[in-house]
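Participant: Input: one structure, supplied below.
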Amino acid sequence: MIFTDVVFYVLAAILLFSGIRVITTRNPVHAALFLVLAFFTAAGIWLLLEAEFLAIALILVYVGAVMVLFLFVVMMLDINLDKLREGFWEYLPMAGLIGLLMVVEMTLVLADKNLQPSQAVELPANYSNTAALGKVLYTDYLLPFELAAVVLLVAMIAAIVLTLRERKDNKSMNPSEQVKVKRNDRLRIVSMPAEVEPPEPVPAPAKEEKK
């Protein structure tokens, strides 16, 4: 067993532990932190496979953006943990069935002879796996890549529409209407008479007292 094998088994054990803790811990902040640990260990495995671009993308996109945003949302919202745990045991049989199906699928995939590891191929010193990945992605898999981009765009628009709520007390502006506004629509000159100050009241004469 060489050193890379030891590193792989250590990272795989940490990845399995962190993945289990994500779904078993009760605190959502701790679950998010365990998920960050899982992403880091997965990036380490990608580095062992000499896929540096995928490892850096995993850290920058998921750890640096998605999980940080998720942590901000979790910490800013007042989450009722007791309410979240309601109905956990009701969904456990369905979740167990789906997990079992995923295990069977992964077993069938790993048992395929065509997917067995082959001998390492010597690559030149100036070889770039990032350039090779981009070439394959934008040539052989261009259509699936474009379809995935369209699906993500539709999902983003749907999220915006679902979170947009019209409120009666909400004041919004329409830029197209603001551009069309003319002076007479906003300004009106009114002729008003000049104000005249009332005269000062004259004091009444004092009455003489009778003797």
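Participant: How far apart, in nanometres, would the label points at residue 24 and residue 69 be if each is projected 7 angstrom from Cα along the Cα-to-Cβ direction?
Facilitator: 3.1 nm
Participant: At 0.36 nm per residue, minus the direct Cα-Cα distance, what do residue 176 and residue 149 gain on full extension? Give it in nm, one decimal, please.
Facilitator: Gain on stretching residue 176 to residue 149: 6.7 nm.
Participant: If you don't mind, another one. Please give the length that would be gained between residue 202 and residue 138 if that part of the chain were fully extended, namely 0.36 nm times their separation in residues minus their C-alpha to C-alpha distance (nm, one decimal).
Facilitator: 13.4 nm
Values quoted throughout were computed directly from the atomic coordinates according to the rules given, and no laboratory measurement underlies them. Please read these numbers as outputs of a predicted model, since none were measured by experiment. Cβ: placed from backbone, ideal geometry, glycine included. Neighbour counts: every protein chain shown.
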